[in-house]
Amino acid sequence: MDLKSNEPFWLVKNGILASYPSLHEPISCDVLIIGAGITGSLIAHQCTEEGLDTVIIDRREVCNGSTSATTSMLQYEIDIPLYRLSEMIGEKGAVASYQACAAAIDKLGKLCKTIQSKAGFRSKDSLYYASRKKDSAWLGKEYESRKAAGFDVHWLDEDEIRKQFDIHLNYGGILSKQGGSVDAFQLAHELLAYNAKKGLRIFDKTTLDRVEYKRGFNIALTTDKASIKAKKIIYCVGYESSLLIKEKFVNLLSTYAIISEVDETLWKKFNDILIWNTSEPYLYMRTSDDFRFLIGGEDEEFHNPIKRDELLKRKEEKLQRSFEKLFPDYTFRLDFSWAGTFGETKDGLPYIGEHPDFKNSYFVLGFGGNGITFSVTGMDMVSDWLKGKKNPLSPYFTFGR
């Protein structure tokens, strides 16, 4: 499955940061990770830090799947509002899920410092505003839910948002003191390189063909006839998991993004804020670490890469028009546009846990707008699983829920 189209900005900006060999011989390890994107690199870091002999493989060049196309909005806010999620799974699970995402942003910031990352991690506020008058009522209810749960939030009316952020079409919104952004493509490369020095073995252009399940271990066989004997397998394959798991558990959507030329005026105005709205599909905006402004959205059901890519020009124009309506006092000079595919679950939550059809195995599948923060949460959940401990989030993220 092709997860991206055109050339995502992060891939062009960074180029080939590192290349690794493919696997052509039998090897063994404690943990085999399938998928070397941002999720796989985070999980590989966790396993390596815990002293486990870890191998990671990817059928592409590392980080060249959806990680190269992500817009890397680091949000504690899940695609399903807190008050609605509480109605769906109970207040305890909903609040715990939001809190986990909030903690994940701080944890990722500390991790970036530990590995001396140059991927531009930055803590930011987050503005979630009503794009339609009818949305202001339920968004106000959402504000009360978050405030009651202890999140640092403030309600801004229409005039306050226009004054602070120059957004002309709004009907009030929630300003949260938690959020962030990063270049996930570069960060994933940094994590892999950091842990390769500590013993992590990395193989790209190595495609998993099938797995033979044994008592106490698995044998992973590649299309090049190599084999990997592993005590445990962890799948970090994102949306391609829909090709592995027989039941339907995620809807695939296409999303589109554009990024401006270097513009220090826009960058200075918006560098400390993430912006998204209540439109369906919602619009999202952030700055990059190299003085650009990014805007994304226009999501729709994914059919195939050809149809998705055919829409790129039209979506690019619609995103530009959205910017002009919201920010009539600013100019957006387009530099890059691209499309990607992502997954949407019924409750906005990830699937992190075991699946009955895969023995000695675990899945870390972060979906929606919180893919990266869910993956950071998955680090602790993987650690608990490997140690035979129960994680309190497991009932909410499990398959078959």
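The values are calculated or read from the model by the stated rules, or taken from the named source; none is laboratory data. Predicted model only: the values in this text are computed from it and were never measured. Quick reminder, even Gly has a Cβ in these numbers, built from the backbone with ideal geometry, and neighbours come from all protein chains shown.
Looking across the stretch 89-116, just one residue is among the polar types (S, T, N, Q), over 16 Å from Ser145 (Cβ atoms) and not in a loop (DSSP other than H, G, I, E, B), and that is Thr114. Checking Lys359, Lys346, Lys318, Lys389 one by one, the residue that is within 25 Å of Phe291 (Cα to Cα) and either surrounded by 15 or more Cβ atoms within 10 Å (Cβ to Cβ) or not polar (S, T, N, Q) (or both) is Lys318 and no other. In this structure, is Tyr171 surrounded by 21 or more Cβ atoms within 10 Å (Cβ to Cβ), farther than 24 Å from Gly371 by Cβ and out of contact with any His (no Cβ under 6 Å at 6 or more places or on another chain)? For Tyr171, the condition - surrounded by 21 or more Cβ atoms within 10 Å (Cβ to Cβ), farther than 24 Å from Gly371 by Cβ and out of contact with any His (no Cβ under 6 Å at 6 or more places or on another chain) - is not met. If I ask for residues that are in a loop (DSSP other than H, G, I, E, B), buried (at least 21 other Cβ atoms within 10 Å of the Cβ) and modelled with pLDDT under 85, which ones from the stretch 1-25 would you list? Within the stretch 1-25, Leu3, Pro8 meet the criteria. Listed by first and then second residue, the pairs linking a residue in the stretch 384-401 that is more than 11 Å from Ile352 (Cα to Cα) to a residue that is at pLDDT 95 or above and not in a loop (DSSP other than H, G, I, E, B), with Cβ atoms under 7 Å apart and 6 or more places separating them unless they lie on different chains, are Leu386/Lys232; Lys390/Asp384; Pro392/Ala96.
Checking Tyr143, Tyr194, Tyr129, Tyr98 one by one, the residue that is assigned by TED's automatic domain parsing to the domain that holds Ile38 and among the aromatic types (Phe, Trp, Tyr) is Tyr194 and no other.
Among the strands (runs of 3 or more DSSP E) confined to the stretch 159-224, the ones with at least 2 residues that are within 20 Å of Val237 (Cα to Cα) are located at 201-203, 208-214, 217-222.
Only residues that are more than 26 Å from the chain's Cα centre (by Cα) and without any contact (Cβ under 8 Å) to a residue 24 or more places away in the chain were counted in the stretch 147-165, giving 9. Residues that are assigned to a loop (DSSP other than H, G, I, E, B) and touching a residue at least 60 places away in the same chain (Cβ under 8 Å) were ranked within the stretch 36-52; the one that is surrounded by the fewest Cβ atoms within 10 Å (Cβ to Cβ) is Glu50.
Results for (1) closer than 30 Å to Gly172 by Cβ; (2) at pLDDT below 95, shown as yes or no for each residue.
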site: Val31; (1), (2): no, no
site: Thr39; (1), (2): no, no
site: Gly51; (1), (2): no, no
site: Thr71; (1), (2): yes, yes
site: Arg84; (1), (2): yes, no
site: Gln116; (1), (2): no, no
site: Tyr128; (1), (2): yes, no
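Just name the residue that is nearest to Asp183 (Cα to Cα) out of those in the stretch 288-310 that are in a loop (DSSP other than H, G, I, E, B) and not small (Gly, Ala, Ser). Filtering first and then ranking leaves Asp289.
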